[in-house]
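Colleague: Okay, handing you the structure first.
The values are calculated or read from the model by the stated rules, or taken from the named source; none is laboratory data. Only a predicted model underlies this, so the values are computations on that prediction, with no experimental measurement involved. In this analysis, Cβ positions are derived from the backbone assuming ideal geometry, glycine residues included, and neighbour counts consider all displayed protein chains. Ligands, DNA and RNA are stripped out before the accessible areas are found, and what is left, the full protein with its side chains, is counted by its heavy atoms. Shrake-Rupley method; radii C 1.70, N 1.55, O 1.52, S 1.80 Å.
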Amino acid sequence: MNEKQRLEAQQINQKNSADVKSDTNDNLDRLKNMSSDDLISKYFQTTYEPPNMRKAKKRLKKDVDVHYDFDIPLEMKAIGKGKKFLIRTYGCQMNEHDTEVMAGILTNMGYTPTEETKEADIILLNTCAIRENAENKVFGEIGHLKPLKLENPDVILGVCGCMSQEESVVNRILKKHPFIDLIFGTHNIHRLPQLINEAMFGKEMVVEVWSKEGDIIENLPKVRKGKIKAWVNIMYGCDKFCTYCIVPYTRGKERSRMPEDIIQEVRHLAAQGYKEITLLGQNVNAYGKDLEFEYGLGDLMEEMSKIDIPRVRFTTSHPRDFDDRLIEVLAQGGNLLDHIHLPVQSGSSDVLRVMARRYTREQYLELVRKIKKAMPNATLTTDIIVGFPNETDEQFEETMTLMEEVGFESAYTFIYSPREGTPSARWEDNIPMEVKKERLQRLNALVNKQSAEAMEQYLGQTVKVLVEGESKKDPEVLSGYTERNKLVNFRGPKSIIGEIVEVKIVNTKTWTLDGEMVESAVEVN
Ligand code: 5AD
Ligand code: SF4
């Protein structure tokens, strides 16, 4: 009998053994005894196909099916009764929103939420793969969960989100962290009930990662984090394939939701009393390109402007697809806010070309000119990567001058991080870390300066603030955001939480504003 057959036999014997608790213990022991190659061949044969650059790039705009029939099987509706769930979320708003969907599914299975690791019966890590440090954080957390699993083998530990779409990550979990019960991908969220069921009653680590992008599943339940602001997906995936970015692989091809489904969701949120919605997508400006009829983000925003909700935002934009129709619609104002997050990534046309951003510095500046002409008060913010392979000092200086020329009021800045499977990861990363850090520091100093200057302009002005709650630092102080996304702290009665009030700015800081409520204003939407 070879090792593989012995394991199979052991597996069959184990299948007959007693309760779930001892199954979990057996499972842990057995996994520890299996070689990593066995583990990998065992799990990858059926459901897991690793990301494949060539295949991904060849994907066609073939029909995406939209499903309206999501349901939790009857036998799984009470699985979570008396049990608690905890989801840790890393990364972007898309992940935050996916967490709301998973919370919705779990709630419909009878689970209730908890923040206490020790109390939880199921813990899911909703992960981010955008940079290496995001992944390191998650692996750190996985390590922390091991003692918990050994103490309480019944707890189900799951890893989902973007990292689970990466072959190297799944391999590493299989090899080094066999106490994880469940790995599922970004296209498998709607399968959560079945996957939990398998993880609970089966004996294997459950791995289900579809590398083919999923269809659109419309009626997934959601438990939203707040009652004031809400996220609404308008599209999934990204087809831009910037050379450094893992997203087109982890999130699949661009798929737009049908306009009527989005409009209905936003109307429903408005009726529930939400005051602000943010339309979400990795590249929202490509919205509609895959639909069978002519329809774009501009058209959708026009529809949004007719809905009785005070504030509508959208993120994230790609300069290449930002068209005149959208600018024209945004310029009408109303509930469409003129804060535009427009990632530029670099100020050098040569770097932009190797990043495959598909625009030059000049084209970006031209777009900015158009936006400012149509919306003179628009706030522009951006994302910037420093230390891209071969980025010269001169090219970095071009990023610094672009930052000033546009007058960005804030920016998320990152040191380039090679992501396995992306084209740039194969290029020599030839900028020393010291140089990258120095560039980042200089850029951040400029970002801080421009942010502080933008804030100073508000001194003495009265702004409209959507009050979100008590400030993080002082429960006596309320805080909320202006239309242009500036955080304002001020004193006022708790009863105004969830309302839009007028606040006079009396002090400005680099990232926040201090204000005093204007007495007469109660709600001004
Ligand atoms: N390294 C560093 N930053 C990255 N981003 C995306 N991929 C990488 C990477 N490999 C940044 C981009 C993007 C933001 C969400 O993350 O600036 O706009
Ligand atoms: Fe990544 Fe954004 Fe480029 Fe898409 S457009 S590949 S999400 S950086």
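Colleague: Go through the residues of the stretch 276-285 one by one and say whether even a single one is within 16 Å of ligand 1 (Cβ to nearest atom), under 30 Å from R361 (Cβ atoms), at pLDDT 95 or above and in a helix (DSSP H, G or I).
Modeller: yes
Colleague: Using the structure shown, decide if E265 is in a loop (DSSP other than H, G, I, E, B), more than 16 Å from ligand 1 (Cβ to nearest atom) and open to solvent by 10 Å² or more (accessible area, probe 1.4 Å). Show your work before the answer.
Modeller: Values: in a loop (DSSP other than H, G, I, E, B): no; more than 16 Å from ligand 1 (Cβ to nearest atom): yes; open to solvent by 10 Å² or more (accessible area, probe 1.4 Å): yes.
Judged against the criteria, E265 is not a match.
Colleague: Spot the failing condition for R325; the list is (1) in contact with a helix residue (DSSP H, G or I) (Cβ under 6 Å, 6 or more places away or on another chain); (2) in a loop (DSSP other than H, G, I, E, B), and only one is missed.
Modeller: Of (1) in contact with a helix residue (DSSP H, G or I) (Cβ under 6 Å, 6 or more places away or on another chain); (2) in a loop (DSSP other than H, G, I, E, B), only one is false for R325: (2).
Colleague: Quick one: how many residues across the stretch 270-296 are among the hydrophobic types (A, V, I, L, M, F, W, C) and without any contact (Cβ under 8 Å) to a residue 40 or more places away in the chain?
Modeller: 4
Colleague: Give me the pairs, please: first residue somewhere in the stretch 418-434 and open to solvent by less than 40 Å² (accessible area, probe 1.4 Å) and among the charged types (D, E, K, R), second residue anywhere and modelled with pLDDT under 95 and more than 11 Å from ligand 1 (Cβ to nearest atom), beta-carbon distance under 9 Å, and either six or more positions apart or on two chains.
Modeller: R419/E166; R419/Y249
Colleague: Output the residues belonging to the stretch 358-394 that are more than 18 Å from L326 (Cβ to Cβ), surrounded by fewer than 18 Cβ atoms within 10 Å (Cβ to Cβ) and within 16 Å of ligand 1 (Cβ to nearest atom).
Modeller: D383, N390
Colleague: Taking only the stretch 395-417 into account, find how many residues are away from ligand 2 (no atom under 16 Å from the Cβ) and open to solvent by 50 Å² or more (accessible area, probe 1.4 Å).
Modeller: Here the count works out to 5.
Colleague: Any idea how many residues of the stretch 108-143 are over 24 Å from H177 (Cα atoms), over 21 Å from the mean Cα position of the chain (by Cα) and open to solvent by 60 Å² or more (accessible area, probe 1.4 Å)?
Modeller: The number of residues fulfilling the criteria is 2.
Colleague: Could you check, for the stretch 69-87, whether at least one of its residues is under 23 Å from N283 (Cβ atoms), not basic (K, R) and not in a loop (DSSP other than H, G, I, E, B)? Explain how you work it out, then say what you get.
Modeller: Let us first name the residues in the stretch 69-87 that are under 23 Å from N283 (Cβ atoms), namely none.
Taking every residue of the stretch 69-87 in turn, none turns out to be under 23 Å from N283 (Cβ atoms), not basic (K, R) and not in a loop (DSSP other than H, G, I, E, B).
Colleague: Restricting the stretch 338-357 to residues that are touching a helix residue (DSSP H, G or I) at 6+ places or on another chain (Cβ under 9 Å), closer than 17 Å to D323 by Cα and not β-branched (V, I, T), which is farthest from ligand 1 (Cβ to nearest atom)?
Modeller: Here is the first cut: in the stretch 338-357, the residues touching a helix residue (DSSP H, G or I) at 6+ places or on another chain (Cβ under 9 Å) are 338, 340, 342-352, 354-357.
Those left that are additionally closer than 17 Å to D323 by Cα: 338, 340, 342-344, 357.
Remaining after also requiring not β-branched (V, I, T): 338, 342-343, 357.
Working: D338: 21, L342: 10, P343: 4, R357: 10 Å.
Selected residue: D338.
Colleague: Give me the residue from the stretch 87-100 that is in contact with a helix residue (DSSP H, G or I) (Cβ under 8 Å, 6 or more places away or on another chain) and open to solvent by 10 Å² or more (accessible area, probe 1.4 Å) and, out of that set, farthest from A129 (Cα to Cα).
Modeller: In this case the residue turns out to be I87.
Colleague: Then there is this: Surrounded by fewer than 21 Cβ atoms within 10 Å (Cβ to Cβ) and of a type outside the set (S, T, N, Q), is that true of G480? Full working, then the answer.
Modeller: Values: surrounded by fewer than 21 Cβ atoms within 10 Å (Cβ to Cβ): no; of a type outside the set (S, T, N, Q): yes.
So G480 does not fit the description; no.
Colleague: How many of the residues in the stretch 155-170 are surrounded by fewer than 17 Cβ atoms within 10 Å (Cβ to Cβ) and more than 22 Å from the chain's Cα centre (by Cα)?
Modeller: 0
Colleague: Kindly indicate whether K229 is surrounded by fewer than 20 Cβ atoms within 10 Å (Cβ to Cβ) and either at pLDDT below 95 or more than 18 Å from I87 (Cα to Cα) (or both).
Modeller: Against the criterion (surrounded by fewer than 20 Cβ atoms within 10 Å (Cβ to Cβ) and either at pLDDT below 95 or more than 18 Å from I87 (Cα to Cα) (or both)), K229 does not qualify.
Colleague: Inspect the stretch 446-460 for any residue being more than 16 Å from K486 (Cα to Cα), open to solvent by less than 10 Å² (accessible area, probe 1.4 Å) and assigned to a helix (DSSP H, G or I) and give the result as yes or no.
Modeller: no
Colleague: Which one of these does K275 not meet: (1) out of contact with any Pro (no Cβ under 6 Å at 6 or more places or on another chain); (2) more than 14 Å from ligand 2 (Cβ to nearest atom); (3) more than 21 Å from V344 (Cβ to Cβ)?
Modeller: Unmet condition: (1).
Colleague: Could I ask something else about it? Kindly list the number of the only condition in (1) part of a loop (DSSP other than H, G, I, E, B); (2) open to solvent by 10 Å² or more (accessible area, probe 1.4 Å); (3) hydroxyl-bearing (S, T, Y); (4) closer than 30 Å to L269 by Cα that fails for S317.
Modeller: Only one criterion in (1) part of a loop (DSSP other than H, G, I, E, B); (2) open to solvent by 10 Å² or more (accessible area, probe 1.4 Å); (3) hydroxyl-bearing (S, T, Y); (4) closer than 30 Å to L269 by Cα is unmet by S317, namely (2).
Colleague: Could you check how many residues of the stretch 289-314 are away from ligand 2 (no atom under 16 Å from the Cβ) and not in a helix (DSSP H, G or I)?
Modeller: 14
Colleague: With (1) open to solvent by 20 Å² or more (accessible area, probe 1.4 Å); (2) farther than 24 Å from A230 by Cβ as the list, and D299 as the residue in question, which single condition is left unmet?
Modeller: Against the list (1) open to solvent by 20 Å² or more (accessible area, probe 1.4 Å); (2) farther than 24 Å from A230 by Cβ, D299 comes up short only on (2).
Colleague: Please go through (1) at pLDDT 95 or above; (2) over 30 Å from N377 (Cα atoms) for E420 and return the number of the only condition it doesn't satisfy.
Modeller: Tallying (1) at pLDDT 95 or above; (2) over 30 Å from N377 (Cα atoms), E420 fails exactly one: (1).
Colleague: Conditions: (1) farther than 30 Å from E499 by Cβ; (2) within 16 Å of ligand 1 (Cβ to nearest atom). E292 meets all but one. Number of the miss?
Modeller: Of the numbered conditions (1) farther than 30 Å from E499 by Cβ; (2) within 16 Å of ligand 1 (Cβ to nearest atom), the odd one out for E292 is (2).
Colleague: Here is a further query. Which pairs have Cβ atoms under 6 Å, sit 6 or more apart or on different chains, and link a residue in the stretch 234-259 that is under 20 Å from R313 (Cβ atoms) and at pLDDT 95 or above to one that is within 16 Å of ligand 1 (Cβ to nearest atom) and small (G, A, S)?
Modeller: Close Cβ pairs satisfying both conditions: I234/G281; M235/G281.
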